[in-house]
1. Between Asp86 and Lys28, what is the label-to-label distance in nm when each label sits 7 Å out along the Cα-to-Cβ direction?
2. Can you return the aspartates and glutamates within cross-link range of Lys311? Criterion is Cα-Cα under 16 Å, with same-chain partners fewer than 8 residues away left out.
3. Please list, in order, the residues from region 80-94 whose amide nitrogen is less than 20 Å from a point placed 7 Å along the Cα→Cβ vector of Glu112.
4. For region 187-345, what does the alpha-carbon gyration tensor say about shape, rounded, prolate or oblate, given a ≥ b ≥ c as the root eigenvalues, a/c under 1.5 as rounded, and a/b over b/c as prolate?
5. Residues in region 289-331, backbone N under 12 Å from the label point at Lys247 (7 Å along the Cα-to-beta-carbon vector): list them, ranges by number please.
6. May I ask you to derive the relative contact order of region 171-324, considering only C-alpha pairs under 8 Å and at least 6 residues apart, and to give it as an integer percent?
7. What does the charge add up to near Asp86, with Lys and Arg as +1, Asp and Glu as -1, over the other residues with Cβ less than 14 Å from its Cβ?
8. Can you give the extra length, in nm with one decimal, that the chain gains between Arg75 and Asp365 once fully stretched, where that is 0.36 nm per residue apart less the Cα-Cα distance?
Amino acid sequence: MEPPDIDKELGMMCYLFDDSSGGRLREKLSDFLVDEVLDGVTASSAMRTGFSGRGGYFLYVVAKTAPMDFLRLRRVVSSLLNVRIDKIGFAGMKDKRSISFQFATTEIRRKEFCRGEGVFIKLVGKYDRFLAPGVGSGNKFTVGIRETCPEKAVNLARLASKGFLNFYGYQRFGYKRPFNHEIGKMILQRRFRDALDALIERGFRLVPESDHIKALRSVGVGILRILVQSYQSFLFNKLLSKRALDKLDPMEGDLILGRDGWIRRYDGKSGGTLLIPVPGAYTNIKNLYMNMLLREMLREDNICLESFLIKEIPECSSLGSLRPAVSIVKDLRIFVFGKSVFMSFFLNPGSYATVFMREIVKPVDPESCGF
């Protein structure tokens with residue numbers, strides 16, 4: 001089955017399964033619930049009964065009950081707690097159009113409870129680490145698909161739960177041009193004036209400066225970092241698509257994540273999950289085929305790996321990382337109500353529920369279908 005044009009523009013050029021259930025997500029905000037898990041404890045349960053951890057950081061639960069992207073959420077939390085944005089730790093971004101419960105850490109104890117702009121914050125205990133991407137255990141989701149074919153949705157969910165392509169999802173890039181990764185590419189190409197124009201087109205209010213880098217910094221380094229990371233995500237999606245269309249099994253030179261949790265070079269014997277590079281300055285691919293693919297992609301965009309060391313805005317530099325090619329769904333439970341199917345499940349950190357749903361619904365127009 002052929003993906004829609006927007007999927008291809010975001011590097012998602014294929015599916016693992018041909019059939020589709022059709023349907024819509026998020027007819028109501030409550031159709032998409034996200035509950036972050038930290039050390040086996042969900043944020044929603046910690047909000048009710050507290051968190052029994054120890055450490056030097058104060059642990060809060062942030063509940064979001066209105067549509068809000070992560071950048072705005074950080075600003076709201078910062079304002080409510082009266083703590084600088086860079087002094088608040090989060091384990092990851094949650095979907096903009098969802099009801100979500102997530103943890104946050106601060107070094108300073110503030111109010112025990114506060115609320116505003118559809119956000120509720122409660123102090124639930126202490127933690128031994130400052131939260132950052134990768135620190136959390138993952139997320140528990142409850143997602144509803146309406147106006148669907150229940151039989152197909154159930155069958156595809158069970159198939160995809162055993163392994164779906166671990167693409168970065170739509171919310172990583174946005175839905176309209178200029179996409180996040182396109183602006184990130186401009187920054188990596190040192191086209192700072194073009195990046196400024198693109199941000200203005202997206203509705204950002206910039207501080208007028210003759211110095212383009214200074215003007216970009218007025219947006220906030222956090223936003224600029226997300227834009228660069230979006231381009232890295234785009235490259236990952238393209239690499240994963242190429243592998244999925246060719247051969248998803250590990251090959252000579254590949255890195256795999258073993259069942260014991262260790263990363264090792266594939267030797268043709270040991271099993272494990274294929275790891276795909278999220279390209280950065282220190283990316284070193286031993287698989288000749290994958291190395292050739294990445295070099296061609298970068299050459300087309302007039303970028304090299306060294307471009308990810310951004311001396312003009314060093315906070316946005318990236319050395320690169322690895323990401324599993326396939327994500328596994330855990331604790332899948334399915335409930336059918338007429339032509340609606342609701343699912344609850346757990347995903348590891350960094351995996352997208354919308355990408356799992358994409359493999360089931362295969363939306364012709366992702367945005368209008370609630371993706």
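Taken together, the values in this text are just the output of simple stated rules run on the coordinates, not laboratory data. Source: prediction; values computed, not measured. When we count neighbours, we look across all protein chains shown, and the Cβ atoms used for this are built from the backbone with ideal geometry, even at glycine.
1. Each label point lies 7 Å from its Cα, and together they span 4.3 nm.
2. Asp211
3. Those under the cut-off are 80-83.
4. oblate
5. 289-290
6. 22 percent
7. +4
8. The span from Arg75 to Asp365 would gain 101.3 nm if fully extended.
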